[in-house]
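Written below as structure tokens is the structure these notes are about.
Each reported figure results from applying straightforward, stated rules to the coordinates on display, with no laboratory input. Model, not experiment: these values are computed from the prediction. A quick note on method: Cβ atoms are made from the backbone with ideal geometry, for glycine too, and the neighbour counts reach across all protein chains shown.
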Amino acid sequence: MASGLSRGDLLLLIAVLAVFGAADAAYLTWQWYEAASSSWCDLSSYFSCSRVRASEFSSVGGIPTALIAVAGFLVLLVLVVLAFRGVDLLGPWSLDRWLLVFAGIGALLGLGLTLVEIFVIAAICILCVIGFAIDLGILFFAWRLDNTPLEAEA
Amino acid sequence: MATKKCPVCGVPVKVENLERHLRNQHPRADVDLTSALTEQERREAQRAKAAARPAITTKGMRWVAIIAVVVAVILILAIWNPLRGIGPGVGQVAPDFTVETSTVGTVTLSSYRESPVVLELMDVDCSACQLEARDVLPFVFQNYSGRGVRFLSVSLIGFVPPADTKATIEGFKSKYGTNWAYGMDTSGTVRNAYQVQYTPTTFILDRNGVIAAKFVGRAPGGYGDFAAALDKILGS
């Protein structure tokens, strides 16, 4: 699908997905803090965001997991902005490699949380799964990006 | 575009890519990056890099638009959730249920027929429920229980964590003086039957069990809303 897309296209796709991911995670964070007396995105007792929110896995040390996801998506967004500004290298790695690493970490965390939802909580939070899917999309485009040579390279 | 031979492998590399080439191709080579380029070459490289910033193609824009629309639609559907039921409303018969009480035995809603009923679906840990129990419900109870209105609260166990227990419900009753029967919806039967999205959700039922008023969240008019609905049922 992504064949024939330029480096700029791939970066823009990552940016758009990161914006949606951050919005999704921000909504989940807001629900975690503000809407404790409401149920939401509950389709059934299995597809229930409320049940996932009520579990011990919805936060780490009092910080909602969704807030960590917001931070992760924002990091990806910052990396894309830097790439668009012409930055190639960041410390030991290229910016593309950093994007791939962060997208990989996000996808691994998303996979872990999804497995916890399925096997431990026995309930699925649709919005969390959407966030995971967005992460996988970013990982795919970041992988393509890391394998796309710089147009200007000799 | 100016090129320069790589000081390690001798391959001609565009000036603006020399630093990247050295880092990627010869990470172990001990080359001083600052001395690899002259000041003028560095300035040229910066200009070339700025010109070579990632370009976006028409095809890319098309993909971005498609993906943005698809993801936006999925997110809106998930948040808006059109499959979510709205539960029984005014004019409908309140679904019957039997649940365990916080004291002894069970309570069945239909056993309250022949009396107007204030049915509150709540959770001890819900702050809106606490405010309703502090500011409104005891006063409604005080003024209307003597006129034949019966009160029943049902705790939707686990709606707001941690899960309510008999002890926490009895503690809640003592704290707020809500001394009527409290049921415990441990299986989610009541929650599903009434499609509860917010706590408290409160129903005022007439003598036939028909819903005369429904408040999702706190009653906006407080005591006045309860009084208006109950006065209408009582004919006063």
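Hey, fewest Cβ within 10 Å first, where do A:TYR46, B:TYR176 land in order?
Numbers: A:TYR46 12, B:TYR176 17.
Lowest count first: A:TYR46, B:TYR176.
Using the alpha-carbon centroid of each, what span in Å lies between the range B:81-119 and the range A:72-124?
47 Å
Could you work out how far apart the two model spin labels at B:GLU170 and B:ALA65 are, taking each label as a point 7 Å from the Cα in the direction of the beta carbon, and quote it in nm?
In this crude label model, B:GLU170 to B:ALA65 measures out at 6.7 nm.
Could you give the size of the charge dipole of the range B:170-229 about its Cα centre, using +1 on the Cβ of each K and R and -1 on the Cβ of each D and E, expressed in debye and rounded to the nearest 20?
Working: 6 positive and 4 negative charges, 14 e Å.
For this selection, approximately 60 debye.
Find how much the distance from B:VAL93 to B:GLN46 grows on full extension, using 0.36 nm per residue of separation minus their present alpha carbon separation; answer in nm with one decimal.
9.4 nm is the gain from fully extending B:VAL93 to B:GLN46.
Report, in debye and to the nearest 20, how large the dipole of chain A comes out about its Cα centre when Lys and Arg carry +1 and Asp and Glu carry -1 on their Cβ. Mind dumping the intermediate values first?
Numbers: 6 positive and 12 negative charges, 25 e Å.
The calculated dipole for chain A is roughly 120 debye.
Mind counting lysine pairs for me in chain B? Cα separation below 20 Å, and the two need to be 8 or more apart along the chain or on different chains.
The result is 7.
Semi-axes of the equivalent ellipsoid of the range B:3-51: what are they in whole Å, largest first, if each equals the square root of 5 times a C-alpha gyration tensor eigenvalue?
Details: eigenvalues 63, 23, 18 Å².
After scaling each eigenvalue by five and taking roots: 18, 11, 10 Å.
Using Cα atoms only, what is the angle between the long axis of helix B:223-234 and the major principal axis of chain B, expressed in degrees (0 to 90) to the nearest 10?
Roughly 40 degrees, rounded to the nearest 10.
What translational diffusion coefficient, to the nearest whole µm²/s, does chain B have by Stokes-Einstein, given a Kirkwood radius computed over alpha-carbon pairs, a temperature of 4 °C and 1.567 mPa s viscosity?
On the way: Rh = 23.1 Å.
Translational D for this selection: 56 µm²/s.
Give me A:GLU56, B:GLU44 sorted ascending by neighbouring Cβ count inside 10 Å, so fewest comes first.
A:GLU56, B:GLU44
Just want the ordering: B:PHE172, B:PHE139, from fewest to most Cβ atoms lying within 10 Å of their own Cβ. Write down the numbers at each step before the final one.
On the way: B:PHE172 22, B:PHE139 13.
If I rank by nearby Cβ atoms, fewest first, I get B:PHE139, B:PHE172.
Mind giving me the nanometre distance, one decimal, between the label points for A:LEU111 and B:TRP180, set 7 Å out from Cα along Cα→Cβ?
5.4 nm
With runs of 4+ DSSP H residues as the only contributors, calculate the mean residue ellipticity of chain B at 222 nm using -39,500 (n - 2.57) per run, divided by the residue total and rounded to the nearest 500. It would help to have the intermediate numbers written out before the result.
Numbers: 9 runs with 93 residues, N = 236.
Calculated from helices alone, the mean residue ellipticity at 222 nm is -11500 deg cm²/dmol.
Got a sec to turn the phi values of the range B:93-105 into Karplus ³J(HN,Hα) couplings, 6.51 cos²θ - 1.76 cosθ + 1.60 with θ = phi - 60°, whole Hz, x for Gly and Pro?
For the range B:93-105, the Karplus curve yields 6, 5, x, 7, 7, 10, 9, 5, 9, 7, 10, 9, x Hz.
With unit charges on the beta carbons (Lys and Arg positive, Asp and Glu negative) and the dipole taken about the Cα centre of chain A, which residue among A:THR148, A:ALA71, A:ALA83 sits farthest to the positive side?
After comparing all options, I get A:ALA71.
With charges only on Cβ, +1 for K and R and -1 for D and E, what is the dipole size of the protein assembly as shown about its Cα centre, in debye, rounded to 20? It would help to have the intermediate numbers written out before the result.
Details: 32 positive and 33 negative charges, 147 e Å.
Charge dipole, the protein assembly as shown, about its Cα centre: 700 debye, nearest 20.
With bins 20 Å wide starting at 0, give me the P(r) of the protein assembly as shown over every alpha carbon pair, in whole percents.
Final binned percentages: 24, 37, 23, 13, 4.
Note the angle between two axes, namely the Cα long axis of helix B:58-80 and the longest principal axis of the Cα atoms of chain B, as a number of degrees from 0 to 90, rounded to the nearest 10.
20 degrees
Quick one: give the max-minus-min coordinate of the C-alpha atoms of chain A along each principal axis, largest first, in Å.
59, 29, 22
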